[in-house]
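As structure tokens, the structure follows; a few thoughts come after it.
What follows is calculated from the coordinates using simple rules that are stated; it is not laboratory data. If you're wondering where the values come from, they're calculated on a predicted model, not measured in any experiment. Here the Cβ is made from the backbone with ideal geometry for all residues, glycine too, and neighbour counts use every protein chain on show.
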Amino acid sequence: MIRTLHRWPGLVALVLLTILALSGAALSVFPAAERLAAPRTEAGLTVAVLAERIRSAYPGVEQIRRAPSGRVIAYWFDAGAPGAAVIYPETGQGVASADPSQTERWLTNLHRSLFLDDAGRLATAAGAAAMLILALSGAVLVARRAGGWRRWFARLRGPLPGRLHVEIARIAVAGLLLSSATALWMAASTFGLLPTATAPAAPVPNHVSGQVGAALGVMDVLAQTPVAEFRELSFPYPGDATDVFTLKTDRGTGYLDQGTGTLLGWVDLTTWEHVTETIYMLHTGRGAATLGLALGLMALGVPVMGVTGVVVWLAGRRARPKISGNVAAGRAETIILVGSEGGSTWSFAATLHRALTEAGQAVHVAPMSAFDPARSGKAQRFLILAATYGDGSAPASAKGFLDRLTGLDAVPLAPVAVLGFGDRNYPAFCAFARDVADAIEAKGFERLLPYDTIDRQSPQDFARWGHSLGAALGIPLELAHQPVPPATEPLTLTSRRDYGAEVQAPTAILRFAVPEMSAWRRLTGQGMSRFQAGDLLGILPEGSTVPRFYSLASGSRDGFVEIVVKKQAGGLCSGQLVALQPGDRVAAFLRRNPGFHAGRQSRPLILIGAGTGIGPLAGIVRGNTQLRPILLVFGMRHPDSDFLYRENLVAWQGEGRLARLVTAVSRGDRPHYVQDALRGEAAQVARMIRDGARVMVCGGRGMAAGVSDALAEILAPAGLTPATLKAQGRYVEDVY
Amino acid sequence: MKSIVAALALTTALTLPGLAMARPVTLTTTLNNYGGDGAYLVLYVTDAQGAYAGSLWMAGGKSKYYQHLSDWYRATSGDPAQINGISGASVGAGRTLRITLDLADALFDAGYTVHVDAAVENMRDSPNEIAVPLTTKGAGTPVGGRRYVASFTFEM
């Protein structure tokens, strides 16, 4: 609901809001510039002295105005010709033209009416309303994503566009709320929807003295009003003895006799006028130039958030299958909550949704992160389908779920079933789903079905679980899941390098051509248009619908797609890959893996890998054009057989892309493993970590555990542990 | 060029003196290129004593800016009834506002004066930009304004 409220105003008003934000940001510069350029007023200067100075310089002076920036402008008539100038208060002389800047005028008209007069004013008011809705709904979404309002500035994870979107939003939202709310107020005032701000003019004083020519200096009110409070002084018409001086200050408006200088009447500014002026100041920055600049700066975030918002939206649309007939949360009897990283769990949810709907149920499917029992009043059961990300973390669509769960005040009566999705080859099999099941149990939810798991997207497992669910609901339920094959692109092998045959570990570096794609796909970052070393290449082997993933050893800037593959005994996919010859094709797709990117910082890197784990590390070294210091620890069986990237590593070292290469050889007289090599470099490793180095480990699970132990020993004297580094995002693993 | 025909669309004050006897009068106001946004103009009439007699036309739609037409505003307190049905859009720099209306014969050669107050956003207010006595002799003679009006003519 909130997401919909955020998405549609954003998409519809994207262009309009971009225009308003950019013109607003440009306009925010003017008050600050005017403030800087305004001639200083000496302390203690009174209106009487200032007006006297101006009148001696311009005897025909009719009006003096002081802007909130401190700029004083005088208007006069001289021999029938009107004149105006910015005044230097110390002399009363004009120093600059008082004509408004044509650029500012143009920008103002664009900003408030798109040069379309009232129709344009209505459009910009609608834009302000859209901005207000976006800011409010966006704030709710940020809080939800971070896991609560108190975690507003929590560290963000996930793909760059989404991160950038939230990163900007959580700073800019304050300014955008202020600007859009004040804009709506001003629009309402322009269209006469608010009471007019101006109090009726004071009645013309009937009791003027009839005399003229009092000196400004003797007028008490003028002599007592400091210039800092002064806004406007209008002189009486020459030759009209009934006319008066009109003085406007921050406090109100007064009328002065031109013959005696006595105060004939005074009207205070009303509260309403104060409110209106404050709102005008907050929106335009006139009188609050620094705030104006800050608002302008925040407005610059709008176009960036527009673009990243569209990218996030498109990516989300692609990632999850279209669920037709999704019943609103408030009306659904069954709520399916999905925790999915890459989208495959969504396709299971879609199958479940379809089957339950066909059985006559009202079903709502939502990401786990949107879990909110308070909004699911009719729910009779919750079905949670949860994948696991990495070593037991929440997948993308389940971020914040556990926090929301623990934060619940009241436990709903509706019972819950938890189904985990994972791969039994991993020790952390369904670790997140397990955590969810435990937390639900601990919270005191009723259990609909015992906790169950689906191994490697098995349709058989899923159908079996469907039978138990059907039995629990008292309806026959057949879950016929056809895994939605990921959208693949054909990749053509251009070259291969072979290693390891002598050590019974046939391994190949496979290089494919980047597939050709349309400009639109490139621009929106779809498919293989943008990738970097550490991202994953999914390969769909012939005869299987389940993809296998390989770490990319190249970035899109390299102009090719490279992976390192070792032939597994009986492995379907690796067998097919290792048998490829140049010109052959495979079906592949890209999965981003932002957790294993080198990042753009200039801090040193410690790369540790063994066997095919060298792939993404070599890719990172190849892409190290900024020459950040890199220490690479590489474990192999025998240097004459499986020293992958040997020539390249030597060359990169020569170019400075690799500072130091340490190898460990596990076959031979003295077996030496990666962790041993690491211990041998203890001093340097400790020094680099002290300098802020990031550790990236890629390879088998056993090696990773050994490396973690070795690092713990190396770091202990410094009071650090691998766990603290992990928490800071400075120790990342890609293990298999 | 704006051409507006406002037959008998006058306030009672101006039509009362000679209800049966009225003649069409065309008031032409041409602005100079002062380099700003559209100008708010108000055309109104004062009697021989200088007292406000009635309004002829308000060019400018947003009442919150009327206070800048300061003479007219002071005389009327910005009363919207004074310009009810006789208002239109503001007039751009260099453009001409032409309105035709039936003015009572009794207004001519009787000391009445036509005034134009002008105001432009972010520029100086110009009350009493024009003040022309309503005389049959003065008809057709262009008069220059003080700040924004290049020429003002009334023709019968």
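What the table below lists for this structure:
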{"item": "Filter on A:Lys248/B:Lys64; A:Lys443/A:Lys726; A:Lys378/A:Lys399; A:Lys378/A:Lys443 - keep pairs with C-alpha separation over 23 Å", "result": "A:Lys443/A:Lys726; A:Lys378/A:Lys399"}
{"item": "Ellipticity estimate at 222 nm from DSSP helix runs (n ≥ 4, -39,500 (n - 2.57)) divided over chain A, nearest 500", "result": "-12000 deg cm²/dmol"}
{"item": "In sequence order, calculated HN-Hα J values of segment A:121-130 (Karplus, 6.51, -1.76, 1.60; Hz; x Gly/Pro)", "result": "5, 5, 5, 5, 5, 4, x, 5, 5, 4"}
{"item": "Sparse-neighbourhood loop sites, trypsin sites (Lys or Arg not before Pro) in segment B:113-147 - DSSP loop, at most 11 other Cβ within 10 angstrom", "result": "B:Lys137"}
{"item": "Two-site label geometry, A:Asn648 and A:Thr290: point separation in nm, points 7 Å out along Cα→Cβ", "result": "5.3"}
{"item": "Extension gain from A:Leu45 to A:Arg530, taking 0.36 nm per residue of separation minus the Cα-Cα distance", "result": "168.2 nm"}
{"item": "Those GluC sites (Glu not before Pro) in segment A:435-530 that DSSP places in a loop and that have at most 16 other beta carbons within 10 Å", "result": "A:Glu446, A:Glu478, A:Glu516"}
{"item": "For segment B:2-155, the Rg and Dmax computed from alpha carbons only, in angstrom", "result": "14.1, 44"}
{"item": "Sites A:Ala215 and A:Ala126 - FRET efficiency at Förster radius 56 Å, r taken between beta-carbons, to 0.05", "result": "0.55"}
{"item": "Lys/Arg +1, Asp/Glu -1 at C-beta; the protein assembly as shown dipole; positive extreme among A:Leu263, A:Ala659, A:Met528", "result": "A:Ala659"}
{"item": "Selection from B:Gln67, B:Asn33, B:Pro80, by position along the positive dipole direction of chain B (Cβ)", "result": "B:Asn33"}
{"item": "Spin-label model distance (nm) - B:Ala139 vs A:Gln224, 7 Å beyond Cα toward Cβ", "result": "5.6"}
{"item": "Largest to smallest principal axis extent of the C-alpha atoms in the protein assembly as shown, angstrom", "result": "121, 67, 53"}
{"item": "FRET efficiency estimate (nearest 0.05) - Cβ-Cβ, A:Arg670 to A:Arg497, R0 22 angstrom", "result": "0.20"}
{"item": "Inter-probe distance in nm under a simple model that places probes 7 Å from Cα toward Cβ, at B:Ser87 and A:Glu90", "result": "4.7"}
{"item": "Additional length obtainable on full extension of the chain from A:Lys378 to A:Phe115, 0.36 nm per residue less Cα span", "result": "89.6 nm"}
{"item": "Length released on extending from A:Leu156 to A:Leu408, taking residue separation times 0.36 nm less the Cα-Cα span", "result": "88.4 nm"}
{"item": "Within segment A:419-459, trypsin sites (Lys or Arg not before Pro) in DSSP loop having at most 15 other beta-carbon neighbours inside 10 Å", "result": "A:Arg424, A:Arg456"}
{"item": "Cα centre as origin, Lys/Arg/Asp/Glu Cβ charges: the protein assembly as shown dipole, Debye", "result": "3080"}
{"item": "Mean Cβ count within 10 Å, highest first, over the residues of peptides A:607-613, A:373-379, A:469-475", "result": "A:607-613, A:373-379, A:469-475"}
{"item": "Under Karplus coefficients 6.51, -1.76 and 1.60, residue-wise ³J(HN,Hα) of segment B:129-136 in Hz, glycine/proline x", "result": "4, 10, 9, 10, x, 7, 10, 5"}
{"item": "Computed E for A:Arg317/B:Ala131 - FRET, C-beta separation, R0 45 angstrom, nearest 0.05", "result": "0.10"}
